[in-house]
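This report refers to the structure that appears directly beneath it.
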Amino acid sequence: MRQASELALSDAKTQGESVVFFDASLHQHAGLEGPLARALQRGEFELHFQPLVDVVERRVVCAEALLRWNSPEYGLQMPRTFIPSLERSDAIVEVGAWVLREACRAAALWGGVRVAVNLSARQFASRDLRSVVLGALRDSGLPPACLELEITESLMMQSPERAARLLAAFQEDGVRVVLDDFGTGYSSLGYLARFPLSGLKIDRSFVSAMEEKPDGHDVAIVRAMVGLSRDMGLELVAEGVETLGQVKLLESLGVRIMQGYYFARPSAQWRPMNVPGDQ
Ligand code: C2E
Ligand code: MG
Ligand code: MG
């Protein structure tokens with residue numbers, strides 16, 4: 001009970017909610033803290049990349065870096081099993097910095113294809129985020145316009161004033177910031193006008209629900225997102241695209257950039273084809 005309430009308390013702190021209930025399913029990996037703390041030094045983290053495809057121009061415009069933990073004890077672990085543990089310790093900041101450096105280093109060889117990196121709440125709140133980002137760009141030689149930072153609505157809402165300043169700074173640096181899982185958080189639409197964003201990623205829950213009911217509310221929401229992003233000059237991406245039916249439906253609604261298993265699963269080996277200068 002005590003351990004559970006302590007975990008709930010630390011969740012409440014990181015999520016910025018006033019009341020948080022203990023969720024056992026989130027803590028089934030509560031024993032991972034020790035091995036996780038050593039994972040970075042031991043080189044057990046790796047990045048998998050998943051492309052974002054412009055279906056009109058038929059080319060890859062970006063690839064998202066997705067973190068994996070290759071644990072000798074537990075095998076290959078997905079983010080949902082270990083990111084909550086990293087988030088509770090400060091380790092996520094250091095691991096996040098590693099992700100940024102590795103992603104930039106990889107993308108520097110991609111001939112203009114952008115790389116997208118997910119930011120965690122703590123990382124976004126850390127003071128030196130901007131210098132870590134600029135350092136990763138400088139060391140890799142990747143042009144700032146080729147880096148995209150993915151943040152969520154809830155992360156932005158934790159400290160809207162600070163978020164607005166940080167986003168303005170990134171805009172000045174030429175680094176893109178996009179809103180991930182759009183439509184699932186608690187943000188007010190008014191923030192879209194105030195925050196300098198480069199794009200929106202439609203959450204995959206809308207994409208999967210859409211196909212089941214092609215004249216239902218989810219299609220109406222996606223259609224509204226298409227109009228909103230077009231009028232605001234934001235790039236729109238649909239994530240979690242798994243079937244040709246979804247591709248056709250999204251395309252008919254005016255979504256042209258898509259990501260999902262239909263095109264490619266995340267992979268450690270992924271890199272763009274036909275990179276200039278490549279053999
Ligand atoms: P996300 O940023 O929304 O990433 C998309 C997730 O959807 C990935 O799961 C990806 O593998 C999965 N996905 C892609 N296409 C499809 C599809 O067609 N169908 C389905 N069902 N799923 C698809 P993954 O890799 O398990 O990552 C989960 C979440 O973990 C990410 O969600 C992101 O929030 C977080 N994450 C991943 N890497 C990092 C990282 O380096 N740092 C931080 N802070 N968070 C990360
Ligand atoms: Mg993402
Ligand atoms: Mg997402």
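The values are calculated or read from the model by the stated rules, or taken from the named source; none is laboratory data. What you are looking at is a predicted structure, and each value in this text was computed from that prediction instead of being measured. Note that we place each Cβ from the backbone using ideal geometry, even for glycine, and neighbour counts take in every protein chain shown. Heads up: the accessible areas ignore ligands, DNA and RNA and are worked out on the full protein's heavy atoms, side chains in. Shrake-Rupley method; radii C 1.70, N 1.55, O 1.52, S 1.80 Å.
Data overview
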{"read-out": "GNM top mover of Gln171, Gln41, Gln123 - the chain, alpha-carbon springs below 10 Å", "value": "Gln41"}
{"read-out": "Whole-number percent relative contact order across the chain, with pairs defined as alpha carbons under 8 Å at least 6 apart", "value": "17 percent"}
{"read-out": "Antiparallel %, DSSP beta bridges [both residues in the chain], to 5", "value": "40 percent"}
{"read-out": "Per residue convex hull volume, Cα atoms of segment 108-149, in Å³", "value": "60 Å³"}
{"read-out": "13 Å tail of the calculated P(r), segment 46-103, as % of Cα pairs", "value": "68 percent"}
{"read-out": "Accessible surface of Met232 - all protein chains present, 1.4 Å probe, nearest 10 Å²", "value": "80 Å²"}
{"read-out": "Residue-span extension gain [Tyr261 to Val20] - 0.36 nm each, minus C-alpha spacing", "value": "83.4 nm"}
{"read-out": "Label-point separation, Glu251 to Gln3 (7 Å along Cα→Cβ), nm", "value": "5.2 nm"}
{"read-out": "Kirkwood Rh in Å, taken over segment 61-138 so that all alpha-carbon pairs contribute", "value": "13.4 Å"}
{"read-out": "Surface accessible to a 1.4 Å probe, Glu94 within the full protein complex, Å²", "value": "110 Å²"}
{"read-out": "Paramagnetic label zone (point 7 Å from Cα along Cα-to-C-beta, Leu40; backbone N under 12 Å) in segment 132-148", "value": "none"}
{"read-out": "Cα Rg, Dmax, segment 47-259, angstrom units", "value": "17.1, 50"}
{"read-out": "Distance (nanometres) between label positions extended 7 Å along Cα→Cβ at Asp54 and Leu109", "value": "2.5 nm"}
{"read-out": "Asp203 - accessible surface, heavy atoms, 1.4 Å probe, Å² rounded to 10", "value": "20 Å²"}
{"read-out": "Partner lysines for Lys213 [C-alpha distance under 24 Å; skip if fewer than 8 residues away on the same chain]", "value": "Lys201, Lys248"}
{"read-out": "Within straight-line cross-link reach of Lys13, lysines at Cα separation under 21 Å, skipping those fewer than 8 residues along the same chain", "value": "none"}
